[in-house]
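Trainee: Handing you this structure, nothing more for now.
A short reminder: the numbers here are calculations on the coordinates, not readings from a lab. Bear in mind the structure is a predicted one, so any value in this text is a computation, not a measurement. Cβ coordinates were reconstructed from backbone atoms using ideal geometry, including for glycine residues, and neighbour counts include every protein chain displayed.
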Amino acid sequence: MIPYLDLKTQYQSMKPEFDAAVTSVLESGQYVLGKEVGSFEEEFASYCQSRHAIGVNTGTSALHLALLAVGIQPGDEVITVPNTFVATVAAILYAGAKPVFVDVHPNTLNMDPSLIEKAITKRTKVILPVHLYGQCADMDPILEIAQKHYLKVIEDAAQAHGAEYKGRRAGSMGVMGCFSFYPGKNLGAFGEGGAVTTQDPALAKTVKMLRDWGAEKKYHHDLKGFNYRMDAFQGAILRVKLRRLENWTESRRSLAKQYDAEFQDSEIRIPNASYSHRHVYHVYAIQTPKRDELIQFLSQQEIQTNIHYPIPVHLQKAYSDLGYHSGDFPVAESLCQNVLSLPLFPELKPAQVATVAEAVRKGLAKFS
Ligand SMILES: *Cc1c(COP(=O)(O)O)cnc(C)c1O
């Protein structure tokens, strides 16, 4: 069996380091925020080429607080994309704003900058691009449009730890970047976690207050805040993992390159990594119109796959009240029919990549 993802192997490969980190938190008596979270924040900020990082309990909370910190008010509009994890859109709604979708570009699968200006209204406050699959959105035109219209850019970097766009790291380009440390992400906790990165000390201070009940000083609540604190175990574990992240990312990139080469002479559409400098391959997604047949075939060969995502957010039942319809975003809608995520994690073996690729080619030959 080839799993889509294997988190246990990573734990076992560094068991003494993780066990020591956990024990040291147990013995410290400090279980929420504290020294380990503070040190992780410094290390992660520097990793992201940012001056500040604020640890929170989930990536969703990171997005929620980033939107509140820029002063989003009920009725404001936030421009984002429909082919994302539902949390991007949920966070906009938590902040009281209205999500406004623009379609993605068929080459980048990320926000299509040429469609943004048509979506801007008097109520637009924020552009929220998602760095899907570990590849940065096309940030230069996005930042330029934002500047021209006095809008803020907040990056959903939940899938893009360490990704780069023209040498700049994900989370360092907009006013804030939002990360998730959900276990399956490129940098994953042993539980839930998230962070906001920013270059702006005032925004950092606001997010820091909002995550801990709006108080700078205990029991003095200057802002209406939340309990979105990161726990100390996750801080300690993430510090251990951050030291290995570059190695793991290089392993992902090299396995992705191997998939690319395996599919070179087939009709399969492979990820286009040409416009950005560093794709970190949170997901390796191919595109084929025979997707559903292929999943069946691969699962018979005991190869696990995934779909990111089968339904675009604007067509999800829960969000039908946003007023969008089938046909509104043809590129995102067609991707949902055609994308297929293949097994990819740092500990996957090149021989397993070869096995998966051969099965994919065999399957497609059978169905065409
Ligand atoms: C994972 C993810 C989130 C949410 O992160 P959680 O930590 O699960 O709350 C948000 N946006 C995107 C694009 C994600 O992939």
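Trainee: Quick check on Q287: is it closer than 18 Å to I268 by Cα and surrounded by fewer than 15 Cβ atoms within 10 Å (Cβ to Cβ)?
Mentor: In short, no.
Trainee: Could you check the range 84-98 and list, in sequence order, the residues that are near the ligand (Cβ under 7 Å from one of its atoms), out of contact with any Ser or Thr (no Cβ under 8 Å at 6 or more places or on another chain) and among the hydrophobic types (A, V, I, L, M, F, W, C)?
Mentor: Listed by number, the list holds a single entry, F85.
Trainee: Determine whether L143 is within 12 Å of the ligand (Cβ to nearest atom) and touching a strand residue (DSSP E or B) at 6+ places or on another chain (Cβ under 8 Å).
Mentor: Working: within 12 Å of the ligand (Cβ to nearest atom): no; touching a strand residue (DSSP E or B) at 6+ places or on another chain (Cβ under 8 Å): yes.
Here the answer is no, as L143 does not meet what is asked.
Trainee: Would you point out which residue out of S299, S326, S334, S320 is small (G, A, S) and assigned to a loop (DSSP other than H, G, I, E, B)?
Mentor: S326
Trainee: Please find, within the range 171-225, the residue that is nearest to the ligand (Cβ to nearest atom) out of those that are of a type in the set (K, R), in a helix (DSSP H, G or I) and over 14 Å from L67 (Cβ atoms). Walk me through it before giving the result.
Mentor: Initial filter on the range 171-225 (of a type in the set (K, R)): 185, 205, 208, 211, 217-218, 224.
Now narrow it down to the ones that are in a helix (DSSP H, G or I): 205, 208, 211.
Remaining after also requiring over 14 Å from L67 (Cβ atoms): 205, 208.
Working: K205: 23, K208: 18 Å.
Taking the candidates together, the pick is K208.
Trainee: Enumerate the pairs (first residue in the range 69-87 and farther than 23 Å from D112 by Cα; second residue anywhere and assigned to a loop (DSSP other than H, G, I, E, B) and within 15 Å of the ligand (Cβ to nearest atom)) with beta-carbon separation below 6 Å, excluding pairs fewer than 6 apart on the same chain, so at least 6 apart or on different chains.
Mentor: So the pair list comes out as I72/A95.
So that you can scan it fast, the table gives a plain yes or no per residue for (1) within 18 Å of the chain's Cα centre (by Cα); (2) more than 20 Å from D222 (Cα to Cα):
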{"site": "G38", "(1), (2)": "no, yes"}
{"site": "C48", "(1), (2)": "yes, yes"}
{"site": "A53", "(1), (2)": "yes, yes"}
{"site": "S61", "(1), (2)": "yes, no"}
{"site": "I79", "(1), (2)": "yes, yes"}
{"site": "A90", "(1), (2)": "yes, yes"}
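Trainee: Looking at M209, is it on the phi < 0 side of the Ramachandran plot, surrounded by 14 or more Cβ atoms within 10 Å (Cβ to Cβ), of a type outside the set (G, A, S) and without any contact (Cβ under 8 Å) to a residue 60 or more places away in the chain? Spell out how you get there, then give the answer.
Mentor: Details: on the phi < 0 side of the Ramachandran plot: yes; surrounded by 14 or more Cβ atoms within 10 Å (Cβ to Cβ): yes; of a type outside the set (G, A, S): yes; without any contact (Cβ under 8 Å) to a residue 60 or more places away in the chain: yes.
It is true that M209 is on the phi < 0 side of the Ramachandran plot, surrounded by 14 or more Cβ atoms within 10 Å (Cβ to Cβ), of a type outside the set (G, A, S) and without any contact (Cβ under 8 Å) to a residue 60 or more places away in the chain.
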